Amino acid sequence: MPANKLEESGTAWPQPAALERLRYFDQRQSDIEQTVRELVEIESPSDNKDAVDRIAAFLAERFKALGGRVQMHPSAEFGDSLQVDFHGAPGSLNGKPVLLLGHYDTVYPLGTLENMPCKIENGKMRGPGVLDMKSGIALMLHAIDALRNWHGELPRPVTVFLVSDEEVGSYSSRKITEALATQSAGVLVLEPAAGLRGAVKTARKGVGEYLLAVKGIASHAGLDPGKGHSAIVELARQITVISKFNNLGQGISVNPGVISGGTRTNVVAAQASVGIDVRIKRAKQAAAIDRKLRSIRAFDKKCGLEMTGNINRLPMERTKGVAALYAKARKIASQARWKLEEAAVGGGSDGNFTAGLGIPTLDGMGGVGDGAHAVHEFIVISELPRRALLLAGMIESV
Ligand SMILES: [Zn+2]
């Protein structure tokens, strides 16, 4: 489209409305920062139900104050997940809601704030979960607030779903995510953007987790070495087999990431195991890699092998629906004189579930920064206004 080309080359004037909106969010940058800080300072590790329920309750109040209808989805084992529904203005053209998807659990144990306090330095805000993905949740709140200010009420129905267990596989929330996605016109995932240029994510690899357990026969390493059948030796041989399943050219990676086994150095090991991370680029690769992993046979016939696990998240592929959402996002960005890039990434998110159902999904709509899950995790605070602008524009146009 020639018009787009002009905009992107910077020779056309951006739409005044877009710049006005950007100014609106620029003026509120410190409010957005404050919300991010409040969320970071409520620690919420996935494995601590009380802590996760605390942030769920806090957010329920915040969304209620914006006019949302709040529904808590209880979980016995994990924290509760939070659904918030907003009615669109009467007569809104598109009856289907847009689904804003995120998670409030983090990978950081309680007490992390002591060594990793939430603070702003050199234009960066640091703290546990600030990038992944408490800034994304803050953007939801502020984009919805802005749309209500601009339009009187939301221009279309919006459903927010914030899950409690994304960092540990989304086992308690997956079915709800999938049901809500099926009812929606499209899904915007507020996971962090890719890289410091803030690209949105239009493809993600699929993720599997497997465990290979080996049973051997123990014996005294000094008195009866010949009687033992070492689970550790068998495991080591199997690991060399499994590593050959890597096919980086095809986007398939297989990583034996954690091993354990044995009891003492003077005992031939009776058991050993390896945890394996598997990534695939295309959904159709799932069955073949699963079959390969399950088809390994013991070298030492006295050893037993047991492979458990599966491909938990199918890849988010760059379908036509995904590409169309990206085109809309790029247009909104270009109106504010910003060239929004796209990226394909190796990590999975709940966006894999929704895209796997064929629902148009755009991921990486959240904060811009680096160091997710690491001690240097941060967001670039000057990026917050235009991320809010992008989200608000996408809520209107999905
Ligand atoms: Zn995340």
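Structural remarks
- Using the rule -39500 (n - 2.57) for each DSSP H run of four or more residues, divided by the residues of the chain, the 222 nm mean residue ellipticity is -10500 deg cm²/dmol.
- log₁₀ of I(q)/I(0) at q = 0.06, 0.07, 0.09, 0.10 Å⁻¹ - the chain, Debye sum with one point per alpha carbon: -0.28, -0.38, -0.59, -0.70
- P(r) histogram, all alpha-carbon pairs of region 245-377 included - 5 Å bins from 0, percent: 2, 8, 13, 15, 15, 14, 11, 8, 6, 4, 3, 2, 1, 0
- Converting the Cα gyration tensor eigenvalues of region 36-183 into ellipsoid dimensions via √(5λ) gives semi-axes, longest first, of 27, 19, 11 Å.
- Efficiency of FRET from Cβ geometry, A283 and E306, R₀ 35 Å, rounded to 0.05: 0.85
- The calculated FRET efficiency for the pair R148 and K292, based on their C-beta separation and a Förster distance of 41 Å, comes to about 0.20.
- Treating r as the C-beta distance of F299 and K175 and R0 as 45 Å, the FRET efficiency rounds to 0.65.
- Dipole axis of the chain (+1 Lys, Arg; -1 Asp, Glu on Cβ), positive-most option in S295, A323, H73: S295
- 20 Å Cα-Cα reach of K244 towards aspartates and glutamates, excluding residues that sit fewer than 8 places from it in its own chain: E209, E234, D277, D290, D300, E306
- Contour minus Cα-Cα distance for H220 and R69 (0.36 nm per residue): 47.8 nm
- Contour minus Cα-Cα distance for K227 and V258 (0.36 nm per residue): 8.4 nm
- Pairs from K134/K201; K205/K284; K281/K331; K124/K331; K64/K201; K49/K281 whose Cα-Cα separation, in the structure shown, is over 23 Å: K281/K331; K124/K331; K64/K201; K49/K281
- Of all lysines in the structure, the ones whose alpha carbon falls short of 17 Å from that of K301, not counting any fewer than 8 places away in one chain, are K215, K227.
- Highest-first arrangement of 115-122, 365-372, where packing means the average Cβ count within 10 Å: 365-372, 115-122
- Qualifying trypsin sites (Lys or Arg not before Pro) for region 321-398 [loop in DSSP, other Cβ within 10 Å: at most 15]: K339
- In region 116-221, a dipole from Cβ-located charges (positive for Lys and Arg, negative for Asp and Glu) runs towards its positive end, and of G198, L131, Q183 it is G198 whose Cα lies farthest in that direction.
- Rounded tilt (10° steps) of 16-27 against the dominant C-alpha axis of the chain: 70 degrees
- Note on region 84-196: dipole from Cβ charges, positive end direction compared against N122, F86, S170; the farthest Cα belongs to F86.
- At q = 0.14, 0.24 Å⁻¹ the log10 of I(q)/I(0) for region 28-79 amounts to -0.42, -0.98, computed by Debye summation with a single uniform scatterer per C-alpha, solvent ignored.
- Loop-located trypsin sites (Lys or Arg not before Pro) in region 196-267 whose Cβ has at most 15 other Cβ within 10 Å (DSSP): R197, K244, R264
- In plain terms, the chain from L248 to R23 could stretch by 76.6 nm, reckoned as 0.36 nm per residue minus the Cα-Cα distance.
- Axis of helix 384-397 versus longest Cα principal axis of the chain: the two differ by about 80°, to the nearest ten degrees.
- Inter-label distance, nm, simple model (7 Å from Cα along the C-beta direction), L113/A76: 3.1 nm
- Each label was represented as a point 7 Å from its Cα along the Cα-to-Cβ direction; for A324 and H373 these points are 3.3 nm apart.
Read-outs: derived from the displayed coordinates by stated rules, not from any lab. The structure displayed is predicted, hence computed values, not measured ones. Note that we place each Cβ from the backbone using ideal geometry, even for glycine, and neighbour counts take in every protein chain shown.
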